[in-house]
Amino acid sequence: MPVSEDFVGSRPWSSYKVDEIEVEGHVISRYIGDFWTSRQRQDKNLHEVPYRACFKPQLPAFFIDALTFPGEVVYDPFAGRGTTPVTASLMNRRVIANDINPLSEVFIKPRLFPPEQADVLFRLSKIPYDFSLRAELDLSMFYDSKTEAEICSLRSYFMWRKKEGLFDYLDAWILMVATTRLSGHSSGFFSVYTLPPNQAVLPSRQVLINEKRHQTPSYRDTKKLIAKKSKQLLSGLSRQEREFLSQSGESAQILGVDARQTSLIDSGSVDLTVTSPPFLNIVSYKTDNWLRCWFCGIDADVVGKQITVTSDLGTWSRVMGEVFLELFRITRSGGFVAFEVGEVRGGEIRLDEVVVPLGIAAGFVCEGIVIHMQEFTKTAHIWGVSNMSGGTNTNRIVVFQKPP
Ligand SMILES: C[S@@+](CC[C@H](N)C(=O)[O-])C[C@H]1O[C@@H](n2cnc3c(N)ncnc32)[C@H](O)[C@@H]1O
């Protein structure tokens, strides 16, 4: 089905068309440009939650701005740390978020209800620390014994609050902040130097890192580090943004199911989906998140089994085809899907071209492939898109519309 002329003319990417490609008999336009680098300075600190394979908030902001009005519903079926729902809430949209990784909810929900820093400090001061506590697993390669006791005290406190039904928005905020501090590559984290915080290494690998760097864990003041990170996340939030966040938090649907089976989402209820699926076998969410899962009382094995990780393009396509059928059901007539995929195996596999027929088969019209390239220059026009596949700051977004 052709896309109407008015419709294409109103898109911010429409003047950036570089070529057309044929995908399984469909002629698809490609648009290339530096669509959102300049927005980066407006970024909110609230987004600074480390998560593997997350996208920058400018990406959802660009599509939310172009394709929705305030009050409309924005959804992400693979929400991860929640870049789409948090961005959408800050822009006064209603949100639905889903991710099969339970850590996702730990990161998303508290940021829709950001507390005042003074309340965080008061609550932190009330959390009891028992310096005799030890973890049931050996964490000595990451933490000195006092730091470990503090982490275990925090963990038992959260479990007790949940068990007693006392776990509130301040606890949820502190749990979220503490989870982001568990391990990392600077003194801002609870651990000795290790990999960046979104990829915890296994204990055996940390032993090797310590040997190589001749390091042993030293004491980290966990409450002080939580307070510091909390202050940073909350800084720069305006009154109005806080209001938008809590308004959208009140009506938000946050789910933790397979993106193919989201029966709790009403048919025709979503105006725009902005998402980035698990890529082909690039990330092991289970291994990356074992420490975070332990701290939050989540079974990492269950997480590992349910998350879609495959290196087989056929399996990936079948799963995503089913996701598109579900997206078609929940999208309103005239609503949109912006589906971001990366370069896989050095550009050898173009997932954007794999995704086009999956969306069309579900009933969507493909509006085109929007390629965001940082430091885009006019030479890209001369060389064409195919020569630009090596770019590291490239995002490929396939845009679909449900026929009005
Ligand atoms: C590329 S990440 C998305 C990151 C997100 N855009 C962000 O900015 O944080 C893909 C996400 O898909 C989730 N996931 C993998 N398989 C899933 C499935 N079958 N259903 C729902 N979520 C799934 C993973 O847990 C991961 O968080």
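The values are calculated or read from the model by the stated rules, or taken from the named source; none is laboratory data. Keep in mind that this is a model prediction, so the values were computed, not measured. Because the Cβ atoms are built from the backbone with ideal geometry, glycine has one as well, and the counts that use them run over all protein chains shown. All accessible areas refer to the heavy atoms of the entire protein, side chains included, with ligands and DNA or RNA removed. Shrake-Rupley method; radii C 1.70, N 1.55, O 1.52, S 1.80 Å.
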Estimated dipole of region 213-294 in Debye, rounded to 20 [Cβ of Lys and Arg +1, of Asp and Glu -1, Cα centre] = 800
Exactly which chymotrypsin sites (Phe, Trp or Tyr not before Pro) in region 220-296 are in a DSSP loop and have at most 11 other Cβ atoms within 10 Å?
-> none
Per DSSP, the loop-located trypsin sites (Lys or Arg not before Pro) within region 87-151 having at most 15 other beta carbons within 10 Å are Arg134
Count the DSSP beta bridges whose two residues both fall in the chain, then state the antiparallel fraction as a percent rounded to the nearest 5.
-> 55
Between Asp130 and Asn45, what is the spin-label point distance in nm, taking each point 7 Å from the Cα along the Cα→C-beta axis?
-> 3.4
Any of Lys162/Lys229; Lys17/Lys109; Lys44/Lys212; Lys109/Lys146; Lys163/Lys229; Lys56/Lys231 with alpha carbons more than 32 Å apart? Name them for me.
-> Lys17/Lys109; Lys44/Lys212
Part-to-part distance (alpha-carbon centres) for region 136-176 and region 177-235, which is given in Å | 15
Ser156-Arg213 FRET efficiency (beta carbon distance; Förster radius 22 Å; 0.05 resolution) | 0.10
For the chain, the per residue accessible area (1.4 Å probe, Å²) is 43
Quantify, in whole percent, the carbon and sulfur part of the accessible surface of the chain (1.4 Å probe; protein heavy atoms only).
-> 51
What is the chain's relative contact order, in percent, from Cα pairs under 8 angstrom and six or more apart in sequence?
-> 21
For region 231-292: rounded, prolate or oblate by the Cα gyration tensor [a/c cutoff 1.5] | oblate
The chain, dipole about Cα centre (Lys/Arg Cβ +1, Asp/Glu Cβ -1), debye to the nearest 20 = 1260
Summing -39500 (n - 2.57) over the DSSP H runs of n ≥ 4 in the chain and dividing by its residue number, what mean residue ellipticity at 222 nm do you reach, to the nearest 500 deg cm²/dmol?
-> -12000 deg cm²/dmol
For region 65-90 versus region 251-296, the gap between their alpha-carbon centres in whole angstrom | 14
With label points built 7 Å along Cα→Cβ from the Cα atoms of Leu202 and Gln247, find their separation and express it in nm.
-> 4.9
Normalised contact order of region 117-232, rounded percent, pairs of Cα under 8 Å and 6 or more residues apart | 30
Rounded to the nearest 10 Å², what accessible area does Phe62 show when all protein chains are kept and the probe is 1.4 Å?
-> 20
